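The values are calculated or read from the model by the stated rules, or taken from the named source; none is laboratory data. Since the model is a prediction, treat every value here as computed from it, not as a measurement. Cβ sites come from the backbone with ideal geometry, for glycine too, and all protein chains shown count toward neighbours. Please note that ligands, DNA and RNA were not included when accessible areas were found on the heavy atoms of the full protein model with its side chains. Shrake-Rupley method; radii C 1.70, N 1.55, O 1.52, S 1.80 Å.
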Amino acid sequence: MALPPSIVALSASPSMRTASAPRRVIPLTVARSAATDSGCSTAQQGGCGSASSSALPEHIRARVHDHPCYSAEAHHHFARMHVAVAPACNIQCNYCNRKFDCANESRPGVVSEKLTPEQAATKVLAVAARIPQLSVVGIAGPGDALANPEKTFRTFDLIKAAAPDLRLCLSTNGLALPDHVERIRDLGVDHVTITINMVDPEVGARIYPWIYYRHKRFHGVEAARILHERQMLGLERLVAAGVLVKVNSVMIPGINDAHLVAVNAAVKARGAFLHNIMPLISDPAHGTHFGLTGQRGPTPEELKTLQDRCEGDMQLMRHCRQCRADAVGMLGEDRGGEFGMDSIAAIAASIDPARVAETRQAYRAFVDKERGDQAAAREAALAAVPVVTGQVDASRLVAVATKGSGRINQHFGHAEEFQIYEVSAAGARFVGHRKVELYCQGGYEDDEAMPGIAQALAGCSAVLVAKIGHCPRKDLAAAGIAAVEGYAHEYIEASLLDWFGKTVACPTVAASAA
């Protein structure tokens, strides 16, 4: 499917350009006939097994349809932007150094520029003119959005007037939240993230040394108790006001890892829509208390195990990238360096806001068609997965190299992360991402990166890529990981199901096709 010319002309994003790449049609009919010949049968499976927005009630699905953080499906297609207008904070977290971005919503690293509300609105228009995928603008710091309420709300007022089709989000630790719920609702801020790491003040005292509340500093268990009570009150008031709430929790091994099951139950009971359990980032170079005292973060396996325990009636977010407070672009990429205040004046001066808004609408229409085709391909692939009479292992973890658009469209050597799916006869479910060092550096292979990549992909049966060289393919095989490039530029979930049906559910298909 070709992109509309107006979108191609304005877009400079690699993930947009690859969306129109030629693609091969997966030969599902071949899978069916080969499976029948080898003694396997096919059956329609109930549901796709993925955490897509299609499983949500219609009134919620419409509200998260194009939100890359609130919908795992949308994050393949839409971009977000954070504007750094809120530098002050009212609590101290042991995983945060206030010289750096707060780890509860960002990766450690300085914010390049702190903005005034007026600068933020100008920057949003400039980014929207260059990135038609932009659907959401949020305020996530670098401090706390509601410790700086006037800057935050002034920024939203200006953005709403300039680009009313963009969704507005904010992230907060929740301490000041109950005081601002009505204003949040009245401004049309439809999505709020609260970072909640505990519901037991004894646990909280090990995470938060102090809070600043009602012109007074509180410490230890008392501070954690006040924070907990304010977080629960704010969550309840947001839900009552009809605002969608995502809860972020930082998993800290030995401190709150087991306790997060109770946190999950508490926020679910109060109406939170989505829970994002993310790993502690703990590096001594960041200067945080946890980093300097040697507190480790969880392994990918530990994180997935906890997420699996908490998943049920409540959606679990597994595609979080812990973005910077000034992040720009698709999740997994950061184009913020292209949009410094010294460079956006020229962009802003040439903007026709109406034309930019039309381009965003054209892109959204294009994505709706793509998503419909993707869903149809997924359901067809699911129906074609062979069901074997004998015992078959329940699932496989598979890594995917992608630049976005829901396709397998990245060279192995160009990947800085791999998306991880759990694939079974019930469907292909996104379960996380794993960051790696680039294998190709300036056109040359970096063999020293390969052991780290293999370690990052541990537990995966295969990696699906657009292309891969002989040497990394051989190294992956030695680690027990199959490199598969036969699905280049195909839809991810349909390809994973086709691969599973041929190699796991009915391996004789793959053998006969070889």
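Measure off 7 Å from each Cα along the Cα-to-Cβ vector at Asp446 and Ala479, then give the distance between these two points in nanometres to one decimal.
About 1.4 nm separates the two model spin labels.
With every protein chain present, what is the per residue accessible area of the stretch 331-486 (1.4 Å probe, Å²)?
Heavy-atom SASA per residue in the stretch 331-486 reads 44 Å².
Using the beta-carbon distance between Glu416 and Val261 and R0 = 25 Å, what value does 1/(1 + (r/R0)^6) give for FRET efficiency, to the nearest 0.05?
Rounded to the nearest 0.05, the efficiency is 0.20.
Given labels modelled 7 Å from the Cα in the Cβ direction, how far is it in nm from Ala348 to Leu438?
About 3.1 nm separates the two model spin labels.
What list of ³J(HN,Hα) couplings, whole Hz, do you get for the stretch 277-289 from phi and the Karplus terms 6.51, -1.76, 1.60, once you set θ to phi - 60° and write x for glycine and proline?
Per-residue couplings from phi come out as 8, 10, x, 4, 9, 10, 10, x, 5, 7, x, 7, 4 Hz.
Just add up the charged neighbours of Tyr213: K/R +1, D/E -1, any other residue whose Cβ is under 14 Å from the Cβ of Tyr213.
On the way: positive: Arg214, Lys216, Arg217, Arg225, Arg230; negative: Asp144, Asp179, Glu222, Glu229.
Its environment carries a net charge of +1.
Enumerate the calculated ³J(HN,Hα) couplings along the stretch 315-331 in order (Karplus 6.51 cos²θ - 1.76 cosθ + 1.60, θ = phi - 60°), each rounded to whole Hz, writing x wherever the residue is Gly or Pro.
Karplus-based 3J(HN,Hα) across the stretch 315-331 equals 5, 10, 8, 10, 10, 5, 10, 6, 6, 4, 6, 10, 5, 9, x, 5, 4 Hz.
Which lysines have a Cα lying under 22 Å from the Cα of Lys304, excluding residues fewer than 8 positions away in the same chain?
Excluding near neighbours in sequence, the set is Lys246, Lys268, Lys435.
When the accessible area of the stretch 278-333 is split by element with a 1.4 Å probe, what percent falls to carbon and sulfur?
Result for the stretch 278-333: 50 percent of the exposed heavy-atom area is carbon or sulfur.
Quick one: which residues, 5 or more positions from Lys403 or on another chain, have an amide H under 5 Å from its amide H? H modelled 1.01 Å from N in the peptide plane, none for Pro or chain starts.
Counting only residues 5 or more places away or on other chains, the set is Asn409, Gln410.
What is the set of long-range amide H partners of Met251 at a cut-off below 5 Å, with H atoms built 1.01 Å from backbone N?
Under 5 Å from the amide H of Met251 lie the amide H atoms of Met278, Leu280, each far enough along the sequence or on another chain.
So how much slack lies between Thr293 and Glu229, counting 0.36 nm per residue of separation and subtracting their Cα-Cα distance, in nm?
20.2 nm
May I ask you to derive the FRET efficiency for Glu182 and Glu301 from their Cβ-Cβ distance with R0 = 41 Å, giving the value to the nearest 0.05? Mind dumping the intermediate values first?
Working: r = 43 Å, r/R0 = 1.06.
Taking R0 as 41 Å, the efficiency between Glu182 and Glu301 is 0.40.
Note the full-extension length gain between Glu236 and Cys471 as 0.36 nm times their separation in residues minus their Cα-Cα distance, in nm to one decimal.
Computed gain between Glu236 and Cys471 is 79.1 nm.
So, in nm, how far is label Ala376 from label Trp210 when the simple model puts each one 7 Å beyond its Cα toward the Cβ?
Label at Ala376, label at Trp210, 6.2 nm between them.
Grab the Cα-Cα distance for Ile60 and Gln361, subtract it from 0.36 nm times how many residues apart they are, and report the gain in nm with one decimal.
Between Ile60 and Gln361, full extension yields 106.3 nm more.
If the cut-off is 21 Å between C-alpha atoms, which lysines fall inside it for Lys151, apart from same-chain ones fewer than 8 positions away?
Output for Lys151: Lys99, Lys114, Lys123, Lys160.
Give me a comma-separated list of calculated 3J(HN,Hα) values for the stretch 296-309, in order, Karplus coefficients 6.51, -1.76, 1.60 applied at θ = phi - 60°, integers in Hz, x for any Gly or Pro.
8, x, x, 6, x, 5, 5, 5, 5, 4, 5, 4, 4, 5
Given H placed 1.01 Å from N in the peptide plane, which residues other than close sequence neighbours of Gln315 have an amide H under 5 Å from its amide H?
Sorted by chain and number, the residues that satisfy this are His275.
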